[in-house]
Amino acid sequence: MDDQFNIPGTPIFDGTQARKGYALNKMCYSFNDELNRKTFLADEEAYMRTYGLSEPQKEAIRHRNVLELIAAGGNIYYLAKFAGIFGLGVQDVGAQQTGMSLEAFKEMLTAHGH
Amino acid sequence: MARIIGAIATSHVPSIGGAIAKGLQKDPYWKPFFDAFDPVHDWLARNKPDVAVVIYNDHGLNFFLDQMPTFAVGAAESYTNADEGWGLPVRPPYAGDSELSWQIIDKVMAQDFDLVTCQEMQVDHAFVVPMQLLWPDGGAKAIPAVPVTINSIQHPLPRAERCFRFGQAIGRAIESFPRDCKVVLLATGGLSHQLDGTRAGFINKEFDLWCMDKIVNDPQALASLTTKEIIEKAGSQGVELMCWIAMRGAMQGHVSAAFSKYHIPVSNTGGAVMVFDHEPVVHRLAAE
């Protein structure tokens, strides 16, 4: 990740990402509204067109892939609303990004306490 | 005159709201966290604050990237909660205190912090979850509150030192408020957590405990941290520590920890609850 802080495994949502990800984040922000969540599910492609997503952003949405979504400019707080459509929480999202099973991810979190 | 009687700092993880909604307070996973609030409730019952100033960060409910304020202050008579996309039950509105809001706006601006003012403002889980934890009987039982937000989404973020001074400005504004009232500060967020990237799940117990120590007697140690240092040590969402730093800046008299509890993990987060007693300088001088 090429950003000012350069901390391994740690995306920084700066001006570069904010510009790149604006359409994607705006779509995800719209998912605060239940009607919008339903409209998206009814026709994902049409909904993505309405918000003007780039092709990599569309691909990342189709793949439900959080790391791809971040690479396409997504911010985790808005992406969490996208994950919420599928009933997925931050632990599911963490497990996917780290390539761990949900159980293993939760165990890792608990282990931090010891 | 208004007096800052103390402060409460707590994590604001959304799943705490979920656990409350499902009545899981006695569930083995959640019980240690919720039990930590018994002494906090006792403190509130003993000290009876009249109004709260809540310093937190919005996560994409009231603010989007179209207009992203670094520091914003609510100036409404009431604050509504709304759907954030995850099916958490929407809470009834919380009462505001627009007189105190404008006191803060006027006096903080006079100290060169150029605020965004919000006469309408939706409050997200970072405001609502702590209010639920402190006043579990609901919005009507909670004391009126003034929401203050610090941008923690889009870099550049305000530096820790700046947040500390912002808090100092808020403290002076509150303590020059002519109404006789007892003010409690709330800081929400943190401590260490990271939701994004391949380092997701990062928690740093050692650093969190260091923060909980320094915030009482050596807040300058926290204010001196760079944003990069905070992210390295507390994770990318650990920057919510800024809210704690601003809260601490607002207390410029004698501060002591009345209660402190750390519990890992609360969801993906190093869960922390602290209560601070504050003896304002003027009152201490008067007593001597």
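Residue count for region A:86-107 under the criterion of being of a type in the set (A, V, I, L, M), surrounded by fewer than 18 Cβ atoms within 10 Å (Cβ to Cβ) and part of a helix (DSSP H, G or I): the result is 2.
Restricting B:T198, B:T188 to residues that are free of Cβ contacts under 8 Å to residues at least 24 places away in the same chain and either closer than 20 Å to B:A250 by Cα or touching a Gly at 6+ places or on another chain (Cβ under 6 Å) (or both) narrows the list to B:T198. Being among the aromatic types (F, W, Y), closer than 17 Å to A:Y77 by Cβ and surrounded by 21 or more Cβ atoms within 10 Å (Cβ to Cβ), is that true of even one residue in region B:27-35? Among the residues of region B:27-35, not one is among the aromatic types (F, W, Y), closer than 17 Å to A:Y77 by Cβ and surrounded by 21 or more Cβ atoms within 10 Å (Cβ to Cβ), which makes the answer no. In region B:1-108, counting only helices (runs of 4 or more DSSP H) that sit wholly within it, the ones holding 1 or more residues that are among the aromatic types (F, W, Y) span B:31-35, B:37-47. Per the conditions (1) away from chain B (no Cβ under 14 Å); (2) closer than 24 Å to A:G89 by Cα; (3) open to solvent by 50 Å² or more (accessible area, probe 1.4 Å), the sole criterion not satisfied by A:I61 is (3). Can you report the number of residues in region A:39-49 which are over 13 Å from A:K81 (Cα atoms) and either within 14 Å of chain B (Cβ to nearest Cβ) or modelled with pLDDT under 95 (or both)? Number of matching residues: 2. Among residues that are free of Cβ contacts under 8 Å to residues at least 40 places away in the same chain and not in a strand (DSSP E or B), B:F177 is not included. Applying a threshold of 8 Å to beta carbon distances and a minimum spacing of six or more residues, or different chains, the list of pairs starting in region B:23-43 at a residue that is closer than 16 Å to B:P130 by Cα and ending at one that is in a helix (DSSP H, G or I) and open to solvent by 50 Å² or more (accessible area, probe 1.4 Å) reads B:Q25/B:K31.
Scanning region B:226-247 for residues being open to solvent by 20 Å² or more (accessible area, probe 1.4 Å) and either within 21 Å of B:V13 (Cα to Cα) or outside any helix (DSSP H, G or I) (or both) gives a total of 3. Restricting attention to region B:188-219, the residues being more than 16 Å from A:Q96 (Cα to Cα) and either open to solvent by less than 10 Å² (accessible area, probe 1.4 Å) or at the interface with chain A (Cβ under 9 Å from one of its Cβ atoms) (or both) number 12. When region A:21-36 is filtered for residues that are open to solvent by 30 Å² or more (accessible area, probe 1.4 Å) and either under 16 Å from the mean Cα position of the chain (by Cα) or closer than 29 Å to B:E229 by Cβ (or both), the ones remaining, listed by number, are A:Y22, A:K26, A:Y29.
Within region A:1-20, how many residues turn out to be crowded, with 17+ Cβ neighbours inside 10 Å and more than 19 Å from the chain's Cα centre (by Cα)? Of the residues in region A:1-20, 2 are crowded, with 17+ Cβ neighbours inside 10 Å and more than 19 Å from the chain's Cα centre (by Cα). Among the residues of region A:77-92, are any of a type in the set (G, A, S), touching a Ser or Thr at 6+ places or on another chain (Cβ under 9 Å) and at the interface with another protein chain (Cβ under 10 Å from one of its Cβ atoms)? The answer is yes, given that some residue of region A:77-92 is of a type in the set (G, A, S), touching a Ser or Thr at 6+ places or on another chain (Cβ under 9 Å) and at the interface with another protein chain (Cβ under 10 Å from one of its Cβ atoms).
The values are calculated or read from the model by the stated rules, or taken from the named source; none is laboratory data. Keep in mind the model is a prediction, meaning the values are calculated, not measured. Please note: Cβ atoms are built from the backbone with ideal geometry, for glycine as well, and neighbour counts cover all protein chains shown. Surface accessibility is based on the protein's heavy atoms, side chains included, excluding ligands, DNA and RNA. Shrake-Rupley method; radii C 1.70, N 1.55, O 1.52, S 1.80 Å.
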